[in-house]
1. Measure nothing but the geometry: give the 0 to 90° angle between the long axis through the Cα atoms of 646-670 and the longest principal axis through the Cα atoms of the chain, rounded to 10°.
2. From Cα pairs below 8 angstrom and at least 6 apart in sequence, can you work out the relative contact order of the chain, rounded to a whole percent?
3. Using a/c under 1.5 as the rounded threshold, could you call the chain rounded, prolate or oblate? The axes a ≥ b ≥ c are square roots of the C-alpha gyration tensor eigenvalues, and prolate needs a/b larger than b/c, oblate otherwise.
4. Would you mind counting up the charge near TYR77? Only other residues with Cβ under 13 Å from its Cβ, with Lys and Arg at +1 and Asp and Glu at -1.
5. For the stretch 133-151 and the stretch 621-661, write down the distance between their C-alpha centroids in whole Å.
6. Which value in deg cm²/dmol, rounded to the nearest 500, describes the helix-derived mean residue ellipticity at 222 nm for the chain, given -39,500 (n - 2.57) per DSSP H run of n ≥ 4 and division by the residue count?
7. Write down the radius of gyration of the stretch 1-77 and its Dmax, each obtained from C-alpha positions, in Å.
8. Which listed residue (SER238, ILE480, TYR227) has the Cα farthest towards the positive end of the charge dipole for the chain, taking +1 on Lys and Arg C-beta and -1 on Asp and Glu C-beta about the Cα centre?
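The values are calculated or read from the model by the stated rules, or taken from the named source; none is laboratory data. If you're wondering where the values come from, they're calculated on a predicted model, not measured in any experiment. Glycine gets a Cβ as well: all are built from the backbone with ideal geometry, and neighbour counts include every protein chain shown. Side chains are part of the model used for accessible areas, which takes the heavy atoms of the whole protein and leaves out ligands, DNA and RNA. Shrake-Rupley method; radii C 1.70, N 1.55, O 1.52, S 1.80 Å.
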Amino acid sequence: MINELYSVYQGLNDVGEEPEIKHNDIVSPGKGTTFRISLSKEGNIDNIELLTKEKIKDIWSIRDGQQNQFPAAKFEYPFIPDGNKDYAEWRKNSKNSDATAYRDMINNLLNQYSVTIPKIKSWPSYRKRILERKEQLKEPLLRNQEGSYIYDLFERYSKAGNNGLSILYQFAEKLKSLVNIIDNKEKLKIIANTFFGDSINAKGKIKDGNRVTLLIDCMPQKDIDVYASSKRRISILSKALYEAEHGKQIKRAICALTNSEGEVISGSFPSENLNVVGQTFLLAKSDTTSGPTVRRYGKAGTDSFSLNRLIGEKLAASITFLTKDSLEGKTWKKIPSSTGSSASLLIGYCKSNFDLTITPIITGGDIDDFDDYQNATKTVLDLFNKSNCTPDDVVEIAEIKVLDKANRKINYATSATIETLRKAANEWIKACNNCPDFKLFAKIKATSKLLSPWAIAPIEATYLTQNKYIRDGLSSTSVIPMSFTDTMTLFISQSDSVKPAALRNLQKLANQIEPLFRYCALSKNQWPLSKNNQQVVTKSDKNSLALRVATLFAVLLYKAGRKKEEYMDSFAYQLGQLCSAMDELHIGYCQDMRKGDIPNTLIGNATYNIALQSPIKALAFLASRIKPYKVWAKKKRAENKEITDKAIIAGLSASVWLESHSSNIEKHLSDNSQLVNDTYKTELMLGYLAGRPFGKMEKENNAEGVEK
């Protein structure tokens, strides 16, 4: 990650951006349940406030070791441990309780049990270290007004009685007073967990991850609504921390990035609490978990890589600048990860213009309609044209992935010019349009209507490949999706690796998605029947998914060198259409001759299932079964009577289409060409879902169903 961040830092430097650096000990507290405890000058609590996640984002905390922080500090025990068993029992029997029930339960337990601070001598347990830090920072902080506000926070905490335990007792009393005021179930639940403990280990401690954070704070200026803990004071705090370190033993070495000698980082690499991926170290090399490289060289942590201290701080500042809240959707975006449950962080920026929006070309925007990706792309390309960037200006794209609780890595990184990105985006839209012209009754947002396959953003490939469909397409199970590396190879690469990546993912996706396509194809052909006679009913959300996957198939075929003018004329695609038309013929026959009572398996669908494995056996099966339906259709047409039933009309039209297009199938069979190739299954599936093209009259009679 360090090399990639160095490129970011150099890019910022080139355009005159100088992100504010911060000392490595300054961190953002976790985003869990946090109470702000406002202290008076005498060290007593004036007020408490449950902080929102937005407010937590504006808080600095000084790290002393991996866990110890100030002014944000964890409390490890419930205030009333004796009430834990009663609370657990109540929760077990009151799963749907409202705010009133929570309030009554809390008051009941408060009347039974007293606040009992566990046998600890001070709070936090590292109080002595906090007071030492206060003295270290006193002189540099008191040199200016802003610094004095930070020092005042240390001073107020130092005056808290009983080694800081008075803060806990006062906090508990303040919390009690809120119980009868708050009318919000979730907030009352937080109060209950703080008093009685949500999840406790054998030692009586609240389990890590469920502990409440208490933020000691104050508002130094009565006329200005800015707390001492505000991040606007990070710069002055960093300078004080650096000055306090002056004179300590400094490690000097050659920096591996700059090849110049100077002070290098010791102890731990800088880290930042980034959006999406959380706490991220510039480099993580554990002596126990980092694998063979550590064992081979016997170097871990900061000993494994010499990095100039100032450069390290600037790298951390650079990634913080690039992923700040205001740049979401421009230089960074949350994307799904191809491994694990944690999302990845996409970073995309132009080195010569960090204000230029990049990420929508990969992620699209919020899906509002079927033109979303094309609109998002056009907007970005228009911004390219209006900016002062040249076609040769460089764009950097990277994915930061969560490996485990403590480890993050750049999983993919590439550089491209604006011109390359422009061509890639336009080519991707062409690939999305490489889809047959058909429609399904589908849902987008909350609206269901007839829709054609629409352009999808490249990142949607991960969403669309993360499930394998089972039980005739009604259920799914999670599988490893297409990697971001493969997605970007398909999107931006011009190398020989594009076609192999396309074919590999095409075959994988075809196996995953086939039951869903089969379901949607059957529901499409059965819509004219009464609900009682439909074996497969239309589900607009599944149709919506099928349309998006059809677009992804079109993209993969395009990248594999198969344009729709070619594959729609292929044996596989036309065989799929033939199977769909045969379903329509069978349904029309049953509607007329059996009052709409259709069998569980239609002839076309049975042929299609065989064709997935062997096209020759499928055609032989169809030849042995089609005669009675052809005879019915010929006789019905010869009657020359007006027909209003939509299922019968579709069946008769399908019979005409079958007669006129059977020659195409025979032509392919007589060509001695290869019938089954790398794209056979996908093209067969697309043909079966799309079906035969409707005539004008049929489109008018098909208003509720599917226009193909």
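1. Tilt of helix 646-670: around 80 degrees.
2. It comes to 11 percent, rounded to a whole number.
3. prolate
4. +2
5. When both Cα centres are located, 90 Å separates them.
6. Value at 222 nm, helices only, nearest 500: -14500 deg cm²/dmol.
7. That works out to 17.2, 51 Å for Rg and Dmax.
8. ILE480
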